[in-house]
Amino acid sequence: MATYRFFNRDISWLSFNHRVLEVAYDEGLPLYERIKFLAIYSNNLEEFYRVRVSYYRELERSLDPEHPKYKSVKPDAFIREINKIVSRHQIEFNELFYNRILPKLEEIGIELPAFDARLNAEQEAHAHSIFSHEVLPAVQPILLIKKRIRPFLRTGQIYIAIQLYTKQKTLGSIKVRTPRYALLKLPTDHDISRFIQLPVREGRHSVMFLEDLIMRYAHEIFPGFHINNWYTIKITRDADLDYEDYDNEDLIEAIEQLEQTRAVGRPNRFQFNKEMPENMLHFLLETLDISHDTIVKGGRTNNFRNFFSFPNPFHPQHELENIKPIRLPVFENAASMLQVVENQDVLLSFPYQSFEYFISFLQEAGHNGDVESIKITQYRVASNSAVVNSLIRAALSGKNVTVFVELKARFDEEANLQYAREMKHSGIKIIYFLPGLKVHSKVALIKRKVGPKGENRDLSFIGTGNFNEKTARLYCDHGYFTANADIISDLNKLFSYLEHQTPPEKFDKILVPNFNMTETFKKLIDKEIKQAQKGEKAHIVIKVNGLEDPKMISELYKASEAGVKIDCLVRGVNCLIPNKKYSKNIRIIRIVDRYLEHARVFYFYAGGKEKVYIGSADWMKRNLYRRIECVIPIPDKKLKQELIDIINIQLNDNVSARLVDEDNVNQIIEGGKKNIRTQYELFKYFKNKYLSSNADEK
């Protein structure tokens with residue numbers, strides 16, 4: 001029997017982020033969409049270093065090199081490998097931006113003048129005015145003195161490292177003088193834009209980087225010095241919080257101090273312009289007390305995540321056209337959404353359909369006389385959240401509202417705590433956390449008065465993504481309305497568990513980690529294996545954001561060895577190695593396009609009695625063993641077929657999809673009678689299905 005092997009989760013994630021970078025090469029996309037993908041790549045990488053690299057560094061610090069776990073994980077080796085890969089990607093990134101994107105900007109009439117560029121009188125006056133009145137009062141220059149001046153660099157901020165010399169009355173070559181070094185932080189935290197728009201010149205738009213503007217007039221900051229060279233640098237610091245160290249009120253207190261805690265985390269990446277001279281780099285590393293193993297080579301421009309706000313003077317030209325969500329006749333023509341859901345299941349697919357239906361569902365529940373209570377889980381919500389506002393209005397209208405707020409949602413901890421306090425002040429019952437578990441399920445339960453014949457009339461909504469109206473316009477997710485009695489019964493058990501921490505004996509339909517999730521998936525896989533062994537059709541499709549758990553991947557390897565056809569649609573982390581003897585029947589498909597593929601869908605052929613599940617759980621160890629997740633079977637045959645149709649479109653994508661090979665490389669999919677691009681094909685699919693019922697749709 002072959003020994004199963006797995007990709008390292010973080011090396012595989014770098015492969016995903018490289019796929020994001022590849023999208024920016026696509027000349028068929030509008031220019032600003034390509035720029036947006038450069039920003040996404042950079043933003044992803046920033047979070048990766050703050051969380052995943054910090055995990056390895058903490059492991060490196062906490063384990064004895066002779067510890068068995070240290071030898072198996074080898075954190076120092078992984079860090080070196082990560083930095084090596086990222087440095088290679090950064091070279092590619094800079095080549096793409098400077099040699100492909102900048103010329104395209106120039107073609108459409110946008111130039112990015114350097115600090116020493118020739119400006120006309122109007123532009124010069126405008127640039128100097130901004131520098132004098134906005135920038136100069138906000139900058140704080142620091143002269144560096146080795147072993148004496150050691151400034152603290154803030155995480156994620158751009159600094160300008162400057163080499164300069166004191167001015168002398170007698171002439172002489174600066175080469176024989178001792179260089180001095182200084183730092184300037186870009187004052188973008190003072191509401192100063194990274195991009196300075198200058199007056200139009202001869203019909204061309206000029207956008208100057210803030211660092212170029214500063215260095216254009218740096219002699220006014222350092223009047224006694226001659227400036228020789230300057231380069232931008234950036235520090236990324238650890239941002240991971242070990243939640244297991246906190247209980248109850250201690251966690252709330254820790255979250256209140258979280259911004260300060262993360263701001264002073266240990267450095268884990270020092271990004272610098274690769275053109276920086278070695279002597280200057282060594283001086284900075286020693287003076288700033290930065291370990292050499294944190295350095296990652298970059299280009300002249302750092303912090304590319306700022307490019308989400310890169311100005312487009314021709315808006316909306318050179319951007320993707322907004323696509324209007326397709327309306328659902330079943331809701332559009334109904335007097336009551338609650339009545340609709342009581343009578344039939346309804347599937348929503350975002351962003352192809354509007355998240356506003358869920359908001360309206362909550363709002364109607366908030367004032368409907370039959371509704372007694374609303375229970376919901378909250379993981380990540382939008383700023384000024386319509387979901388939260390709907391729940392508050394429901395509570396103020398006299399409904400019993402219970403919200404389970406997951407405080408441990410990384411980078412949303414403070415926002416969730418703030419919303420929890422606001423809701424609690426409005427009379428909503430707030431449950432903060434379960435010891436040792438993170439609640440990641442996306443579930444809402446509307447409890448209504450019992451019917452005249454004693455029947456249960458509760459309603460529910462189960463999602464694959466967060467209850468967040470803003471990300472629902474950017475993330476591809478599913479949401480399922482149902483009054484199915486078996487599912488409702490299980491959801492009542494789930495909320496009882498969340499409220500009282502008393503586990504139920506069992507869940508009959510929904511899948512919940514540590515109760516029945518992995519066991520049920522294994523049984524479904526085993527049935528496909530038995531079908532394949534009998535020479536009959538067997539097929540599994542797993543669509544997740546992350547595929548990492550070695551136990552579940554091993555089950556897929558076993559199924560592949562038995563002859564089961566397996567398709568894995570995995571957006572991000574993927575630890576399953578395809579094209580091996582034990583995985584020759586498995587395809588790993590990665591789809592990256594204008595919207596973020598975020599849905600979790602599980603398909604099993606089941607001898608022709610096809611079974612489809614949707615929910616919140618990826619196949620990561622954290623999701624399968626350390627979280628409260630909810631995955632449901634789809635009972636409605638028509639809606640199950642709709643999900644199968646969606647899966648089939650995704651499996652046939654040959655434009656935005658890539659095959660991940662055994663070397664963790666994203667390979668272009670060749671062939672096909674026509675080009676199929678999932679997200680555009682799905683808009684067509686839903687239009688064909690629902691447009692005829694929307695007479696006023698254009």
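Assorted remarks:
- Single condition PHE152 does not satisfy, out of (1) at pLDDT below 85; (2) open to solvent by 50 Å² or more (accessible area, probe 1.4 Å); (3) not acidic (Asp, Glu): (1)
- Qualifying positions in segment 668-688 - free of Cβ contacts under 8 Å to residues at least 24 places away in the same chain, under 24 Å from the mean Cα position of the chain (by Cα) and surrounded by 11 or more Cβ atoms within 10 Å (Cβ to Cβ): TYR680
- Number of residues in segment 302-324 that are in a loop (DSSP other than H, G, I, E, B), in contact with a strand residue (DSSP E or B) (Cβ under 8 Å, 6 or more places away or on another chain) and open to solvent by 10 Å² or more (accessible area, probe 1.4 Å) equals 4.
- Qualifying residues in segment 405-425 (those that are farther than 18 Å from HIS440 by Cβ and modelled with pLDDT under 85) - the one surrounded by the most Cβ atoms within 10 Å (Cβ to Cβ): GLU414
- Residue ID - farthest from TYR680 (Cα to Cα), chosen from residues in segment 579-600 that are surrounded by 22 or more Cβ atoms within 10 Å (Cβ to Cβ) and more than 23 Å from the chain's Cα centre (by Cα): SER583
- Residue in segment 360-377 that is closer than 30 Å to TYR680 by Cβ and basic (Lys, Arg) present: no
- Checked against (1) over 22 Å from LEU511 (Cβ atoms); (2) in contact (Cβ under 8 Å) with a residue 12 or more places away in the chain; (3) assigned to a loop (DSSP other than H, G, I, E, B), ALA617 passes all but condition (1).
- Where GLN140 falls short, out of the listed (1) open to solvent by less than 60 Å² (accessible area, probe 1.4 Å); (2) within 35 Å of the chain's Cα centre (by Cα); (3) under 18 Å from GLU220 (Cα atoms): (1)
- Conditions (1) in contact with a Pro (Cβ under 9 Å, 6 or more places away or on another chain); (2) within 21 Å of VAL405 (Cα to Cα); (3) among the acidic types (Asp, Glu); number of the one not met by GLU499: (1)
- Conditions (1) within 28 Å of the chain's Cα centre (by Cα); (2) among the charged types (D, E, K, R); (3) open to solvent by 20 Å² or more (accessible area, probe 1.4 Å): number failed by ARG194: (3)
- Some residue of segment 524-533 being in contact (Cβ under 8 Å) with a residue 60 or more places away in the chain, closer than 30 Å to GLU321 by Cβ, touching a Phe, Trp or Tyr at 6+ places or on another chain (Cβ under 7 Å) and acidic (Asp, Glu): no
- Residues in segment 240-255 include none that are surrounded by fewer than 16 Cβ atoms within 10 Å (Cβ to Cβ) and modelled with pLDDT of 85 or more.
- Here LYS543, LYS506 are screened, and the one residue that is surrounded by fewer than 16 Cβ atoms within 10 Å (Cβ to Cβ) and either within 32 Å of the chain's Cα centre (by Cα) or within 22 Å of ILE634 (Cβ to Cβ) (or both) is LYS506.
- Contact annotation: residue pairs with Cβ atoms under 7 Å, 6 or more positions apart or on different chains, pairing a residue in segment 304-321 that is closer than 25 Å to GLN90 by Cβ with a partner that is among the basic types (Lys, Arg) and assigned to a helix (DSSP H, G or I), are PHE308/LYS36.
- Residue count for segment 104-124 under the criterion of being open to solvent by 60 Å² or more (accessible area, probe 1.4 Å) and either under 38 Å from the mean Cα position of the chain (by Cα) or among the hydrophobic types (A, V, I, L, M, F, W, C) (or both): the result is 6.
- Taken over segment 353-392, the residue count meeting the criterion of being open to solvent by 10 Å² or more (accessible area, probe 1.4 Å) and either assigned to a helix (DSSP H, G or I) or charged (D, E, K, R) (or both) is 13.
- Note on segment 203-228: residues that are under 14 Å from ARG118 (Cα atoms) and part of a loop (DSSP other than H, G, I, E, B) amount to 1.
- Scope segment 474-502; condition of a type outside the set (A, V, I, L, M, F, W, C) and in a helix (DSSP H, G or I); matching residues: ASP486, SER489, ASP490, ASN492, LYS493, SER496, TYR497, GLU499, HIS500
- Only residues that are under 23 Å from ARG50 (Cβ atoms) and either under 29 Å from the mean Cα position of the chain (by Cα) or surrounded by 18 or more Cβ atoms within 10 Å (Cβ to Cβ) (or both) were counted in segment 282-291, giving 4.
- Segment 624-643: number of residues that are part of a helix (DSSP H, G or I) and out of contact with any helix residue (DSSP H, G or I) (no Cβ under 9 Å at 6 or more places or on another chain): 6
- Among residues of segment 452-469, those that are over 18 Å from the mean Cα position of the chain (by Cα) and open to solvent by less than 10 Å² (accessible area, probe 1.4 Å), counted: 5
- Residue that is surrounded by the fewest Cβ atoms within 10 Å (Cβ to Cβ), among those in segment 328-352 that are among the aliphatic types (A, V, I, L, M) and farther than 15 Å from ALA483 by Cβ: ALA335
- Screening TYR613, TYR603 for residues that are of a type in the set (Ser, Thr, Tyr), open to solvent by less than 40 Å² (accessible area, probe 1.4 Å), closer than 21 Å to ILE462 by Cβ and out of contact with any Lys or Arg (no Cβ under 8 Å at 6 or more places or on another chain) leaves exactly one candidate, TYR613.
- Pairs, first modelled with pLDDT under 80 in segment 433-456, second of a type in the set (A, V, I, L, M) and open to solvent by 50 Å² or more (accessible area, probe 1.4 Å), C-beta under 7 Å, six or more apart: ASN456/VAL450; ASN456/ALA485
- Residue selection: VAL665 satisfies the criterion of being more than 21 Å from GLN344 (Cα to Cα), among the hydrophobic types (A, V, I, L, M, F, W, C) and exposed (fewer than 15 other Cβ atoms within 10 Å of the Cβ).
The values are calculated or read from the model by the stated rules, or taken from the named source; none is laboratory data. This is a predicted model, so every value here is computed, not measured. A quick note on method: Cβ atoms are made from the backbone with ideal geometry, for glycine too, and the neighbour counts reach across all protein chains shown. Heads up: the accessible areas ignore ligands, DNA and RNA and are worked out on the full protein's heavy atoms, side chains in. Shrake-Rupley method; radii C 1.70, N 1.55, O 1.52, S 1.80 Å.
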